[in-house]
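Step one of this worksheet: look at the structure below.
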Amino acid sequence: RELKRIGWTVVMLDGMDSVGIDHAPEVLNRPEVSLYFVSFVLVGSYFLVNLVVSVVIDTYNQEKAKLGDRCVYLTESQNAYVRSHRRMIRGVPRVFFDSAEAPPW
């Protein structure tokens, strides 16, 4: 409940009002307890955000590895276009010859 940041201030105020076992609570008796709650919420929220982001990035990298050199968000024809332009930029011509025909040089 505290990590979701729903109603954690009520729990913090109850903790600050605590006195001891079999004693009535006193308003803001222990203000140092608020440091624990604030640090717990900040660290817990940071951990959860990092966990979610790492899962998203890991899943993206797994999908990218499955596709190889193809782009994730492109169709097959768009991927073919990108591959042909990459070859053209590298300057490596790809010439295919018929196996029955001798090369022209």
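The values are calculated or read from the model by the stated rules, or taken from the named source; none is laboratory data. Because the structure is a prediction, the values reported are computed rather than measured. All Cβ positions, even for glycine, are placed from backbone atoms using ideal geometry, and neighbour counts span all protein chains on display. These area figures cover heavy atoms from the full protein model, side chains too; ligands, DNA and RNA do not enter into them. Shrake-Rupley method; radii C 1.70, N 1.55, O 1.52, S 1.80 Å.
Consider segment 76-94 and keep the residues that are surrounded by fewer than 10 Cβ atoms within 10 Å (Cβ to Cβ) and modelled with pLDDT of 70 or more. The one that is nearest to the chain's Cα centre (by Cα) is 76. Taking each residue of segment 36-48 that is closer than 13 Å to residue 6 by Cβ and looking for partners that are of a type in the set (Asp, Glu) and open to solvent by less than 100 Å² (accessible area, probe 1.4 Å) with beta-carbon atoms closer than 8 Å, six or more apart or interchain, yields 41/2; 44/2.
Looking only at residues of segment 48-73 that are surrounded by 11 or more Cβ atoms within 10 Å (Cβ to Cβ) and modelled with pLDDT of 85 or more, we find that the one that is farthest from residue 8 (Cα to Cα) is 60.
The set of residues from segment 3-37 being β-branched (Val, Ile, Thr), modelled with pLDDT of 90 or more and open to solvent by less than 90 Å² (accessible area, probe 1.4 Å) comprises 19, 33.
Kindly evaluate residue 43 against the criterion of being assigned to a helix (DSSP H, G or I) and surrounded by 11 or more Cβ atoms within 10 Å (Cβ to Cβ).
Values: assigned to a helix (DSSP H, G or I): yes; surrounded by 11 or more Cβ atoms within 10 Å (Cβ to Cβ): yes.
Against the criterion (assigned to a helix (DSSP H, G or I) and surrounded by 11 or more Cβ atoms within 10 Å (Cβ to Cβ)), residue 43 qualifies.
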